[in-house]
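First the structure, in the form of structure tokens, and then the observations on it.
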Amino acid sequence: MSDIATGKDADFSEERLIERYNADLANSLGNLLNRTLNMIQRYRNGVLHLSSYDDESNEWLRAFISVIVEINYPNLYAGCDPSTALELVLGRITEGDLGKELQQREITDQKLEDYRVLGIVPKCNFLIDLAAPWKLAKDPIQGSRLDAVLSHLAESLRIIAILISPVLPKAAHGIFDQLNWKMELSRKEERFRLEDANWGGLPDGHVVGKPVPLFPRIER
């Protein structure tokens with residue numbers, strides 16, 4: 001849907017649908033979930049350890065997600081089109097209220113140099129590449145930073161699931177299932193509440209599940 005301009009005709013093809021599915025869902029969101037849970041299992045035996053370690057990349061991720069929730073999602077739940085929902089999570093949002101809010105929070109163009117793609121999932125994947133948890137895991141001195149990175153990624157996935165639940169409910173349940181979160185509400189709509197999309201939901205010591213492919217690639 002994000003390829004279609006509102007009010008204008010658009011081309012649709014099965015080939016383009018598969019391309020977007022593989023790129024945006026399989027390679028992006030699905031890959032983020034798989035990488036995150038695999039690293040938590042490998043480096044922390046599946047247990048989240050909240051850390052007081054802080055750095056610019058972690059601060060940026062929290063601030064970015066908070067802006068999206070506070071500024072955009074009340075409108076989303078009031079009837080915003082589904083393509084906007086996915087663009088906020090996966091895509092390129094660079095203008096409008098979000099851009100103004102980023103400026104007000106002094107997240108300047110200089111700080112945005114390495115964050116050209118404004119979407120939660122790209123931000124999380126960028127954090128993995130930037131922090132390189134596989135390197136942190138080899139250095140005992142970096143244990144607190146590793147805990148912070150892994151917990152930030154898991155918490156981001158929890159919020160992502162809430163935000164995509166009106167558009168991709170099955171995927172949202174899949175993320176919660178793999179995070180081992182709110183299992184008593186499995187398959188129920190009330191599992192996802194917008195008021196829970198605030199930072200800090202997953203507690204210290206929470207045990208996540210093992211990754212299962214959320215969006216298997218479609219091979220042609």
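The values are calculated or read from the model by the stated rules, or taken from the named source; none is laboratory data. Keep in mind that this is a model prediction, so the values were computed, not measured. Every residue, glycine as well, gets a Cβ built from its backbone with ideal geometry; the counts of neighbours run over all protein chains shown.
Assess whether Phe192 counts as being under 16 Å from Leu48 (Cα atoms) and either of a type outside the set (Val, Ile, Thr) or in contact with a Pro (Cβ under 9 Å, 6 or more places away or on another chain) (or both).
Details: under 16 Å from Leu48 (Cα atoms): no; either of a type outside the set (Val, Ile, Thr) or in contact with a Pro (Cβ under 9 Å, 6 or more places away or on another chain) (or both): yes.
So Phe192 does not fit the description; no.
Output the number of the condition that Ala131 fails; it satisfies all remaining conditions of (1) under 18 Å from the mean Cα position of the chain (by Cα); (2) farther than 15 Å from Tyr43 by Cβ; (3) not aromatic (Phe, Trp, Tyr).
It is condition (2) that Ala131 fails.
Listed residues Asp204, Asp177; which is surrounded by fewer than 16 Cβ atoms within 10 Å (Cβ to Cβ), at pLDDT 90 or above and not aliphatic (A, V, I, L, M)? Write out each step before concluding.
Values: Asp177 fails: surrounded by fewer than 16 Cβ atoms within 10 Å (Cβ to Cβ).
Result of the check over Asp204, Asp177: Asp204.
Quick check, is Ala161 buried (at least 19 other Cβ atoms within 10 Å of the Cβ), more than 14 Å from Ile65 (Cβ to Cβ) and either touching a Phe, Trp or Tyr at 6+ places or on another chain (Cβ under 6 Å) or without any contact (Cβ under 8 Å) to a residue 24 or more places away in the chain (or both)?
Answer is no for this residue.
Hey, can you tell me all the residues within segment 42-61 that are in contact with a helix residue (DSSP H, G or I) (Cβ under 9 Å, 6 or more places away or on another chain), modelled with pLDDT under 85 and of a type in the set (D, E, K, R)?
Within segment 42-61, Asp54, Asp55, Glu56 qualify.
Name the residues in segment 184-220 that are among the charged types (D, E, K, R) and in contact (Cβ under 8 Å) with a residue 40 or more places away in the chain, would you?
Quick first cut of segment 184-220, residues among the charged types (D, E, K, R) only: 184, 187-191, 193, 195-196, 204, 210, 217, 219-220.
Asp204, Lys210, Arg217, Arg220 - these are the residues of segment 184-220 that are among the charged types (D, E, K, R) and in contact (Cβ under 8 Å) with a residue 40 or more places away in the chain.
Answer yes if at least one residue in segment 4-27 is hydrophobic (A, V, I, L, M, F, W, C), over 27 Å from Pro216 (Cβ atoms) and modelled with pLDDT of 75 or more, and no otherwise.
no
Given the criteria in contact with a Leu (Cβ under 9 Å, 6 or more places away or on another chain), among the charged types (D, E, K, R) and either crowded, with 19+ Cβ neighbours inside 10 Å or modelled with pLDDT of 90 or more (or both), does Arg187 qualify?
The answer is no for Arg187.
Counting only residues that are of a type in the set (Gly, Ala, Ser) and buried (at least 21 other Cβ atoms within 10 Å of the Cβ), which one in segment 135-153 is farthest from Ile120 (Cα to Cα)?
Applying the filter and picking the extreme gives Ala148.
Given the criteria in contact (Cβ under 8 Å) with a residue 40 or more places away in the chain and in contact with a Leu (Cβ under 9 Å, 6 or more places away or on another chain), does Ala154 qualify?
yes
Take segment 191-205 and flag every residue that is assigned to a loop (DSSP other than H, G, I, E, B) and in contact with a helix residue (DSSP H, G or I) (Cβ under 8 Å, 6 or more places away or on another chain).
Scanning segment 191-205 gives Phe192, Arg193, Ala197, Asn198, Trp199, Gly200, Gly201, Leu202.
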